[in-house]
Amino acid sequence: MIGDTNVKAMPVKPGTEVDTLEAGALVKGNIQGTPWEWKIVHQGNPDPAMYDASCGGCWLLLENIHSQRVWDATNNDYKNSDIQAWLNGDFFNMLDAGFRNQVKQVKIPYYNGPGGSGSVVSGAGGLSCKIFLLGGYEVGFTASDNSDIPHDGAKLSYFDSGTGSAANNKRIAKYNGSTASWRLRSSSSSQTNNVFHVNASGNGINDMLWSKFTDGIRPALILPSTALVDDELNILAV
């Protein structure tokens, strides 16, 4: 559902390309026929040295938490996780067809394997998907905040670095009207069960959660820079 927000939509002309909108702007894309707000969190490729060229485009993050789900019932191997399968299966199919057809197939950097036995894979070797969870580095955390977080991405332009109040506030999300925690794709690099998340206060870097526990899910995706919105910032079908 459309969440509460203090960000006001800027008037645009019908047929405006999404790459002309600033990070932080909200656009609307339907999930099961209902408009949900998606926040633009980056325009373009965050770091061509780390991300495959497919990652260039308009990065969208669901403004608020869609649901609360288990990340994985067994361990913290993101590539083979329950949540990644759900995002690219059931959730992807919930998007209205005109929206769904525009979501790019991308290769995102990720920690390959359960913690303690894997490594970050990036560039052309990244994980092929259409829907994904954001990584810790993408929302502004780094190994300076917690040495256990893998370097599985680069900061997206909407977010601020660190754990100060301004940075934390940009990570806060709501579930059913109340602030709540939400999962990242970043698993612990030393433990086989823990996964990083953002807590209700927008921090959580030192507050990992077992993969088998239920937590909030904010799907992310990338649209082509040429995707269009109307004057009410609805994503236009193709």
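The values are calculated or read from the model by the stated rules, or taken from the named source; none is laboratory data. Because the structure is a prediction, the values reported are computed rather than measured. All Cβ positions, glycine included, derive from the backbone under ideal geometry; neighbour counts span all protein chains shown. These accessible areas exclude ligands, DNA and RNA; they are computed on the full protein's heavy atoms, side chains included. Shrake-Rupley method; radii C 1.70, N 1.55, O 1.52, S 1.80 Å.
On alpha-carbon atoms, Rg over Rh for the range 126-238 using Kirkwood Rh? Spell out each step's value before the answer.
Details: Rg = 15.2 Å, Rh = 15.1 Å.
Here Rg/Rh amounts to 1.00.
Classify the range 189-238: rounded, prolate or oblate, from the alpha-carbon gyration tensor (a ≥ b ≥ c, eigenvalue square roots; a/c under 1.5 rounded; otherwise prolate if a/b is larger than b/c)? Could you put the intermediate results ahead of the total?
Values: a/c = 3.47, a/b = 2.66, b/c = 1.30.
Prolate, since a/c reaches 1.5 and a/b exceeds b/c.
Summary value for the chain: 28 percent relative contact order, contacts being C-alpha pairs under 8 angstrom separated by 6+ residues. Normalised by residue count, the chain yields a Cα convex hull volume of 104 Å³ per residue.
Would you calculate a helix-derived [θ] at 222 nm for the chain, using -39,500 (n - 2.57) for each DSSP H run of n ≥ 4 and dividing by the full residue count, to the nearest 500?
-1000 deg cm²/dmol
Once every Cα of the range 86-135 carries one equal point scatterer and solvent is ignored, give the base-10 log of I(q)/I(0) from the Debye formula at q = 0.15, 0.19, 0.22 Å⁻¹, two decimals. Here the Debye-derived log intensity ratios amount to -0.48, -0.69, -0.84. The distance between label points at Thr226 and Thr74 comes to 4.1 nm (points 7 Å beyond Cα on the Cα→Cβ vector).
Given a 1.4 Å probe, how much area per residue of the range 33-75 is accessible, in Å²?
Values: 1420 Å² over 43 residues.
Here the per-residue accessible area is 33 Å².
Whole-Hz Karplus values for the range 71-82 come out as 6, 6, 7, 10, 7, 10, 8, 4, 3, 9, 6, 4 Hz, taken residue by residue from phi with 6.51 cos²θ - 1.76 cosθ + 1.60 and θ = phi - 60°; glycine and proline positions read x.
With both labels modelled 7 Å from their Cα along Cα-to-Cβ, the Ser165 to Ala23 distance reads 2.3 nm.
For Ala53 and Ser117, FRET efficiency with R0 = 35 Å and r from the beta-carbon atoms, rounded to 0.05? It comes out at approximately 0.75.
Taken one residue at a time, the phi angles of the range 198-213 give Karplus couplings (6.51, -1.76, 1.60, θ = phi - 60°) of 9, 7, 4, 8, x, 9, x, 4, 10, 9, 5, 10, 4, 4, 7, 8 Hz. Gly and Pro are set to x.
Here the simple spin-label model places points 7 Å from the Cα toward Cβ, and for Asp90 and Val238 these points are separated by 2.9 nm.
Using a cutoff of 8 angstrom between alpha carbon atoms and counting only pairs six or more residues apart, the relative contact order for the range 65-183 works out to 20 percent.
Counting 0.36 nm for each residue step from Thr179 to Thr142 and taking away their Cα separation leaves a gain of 11.0 nm.
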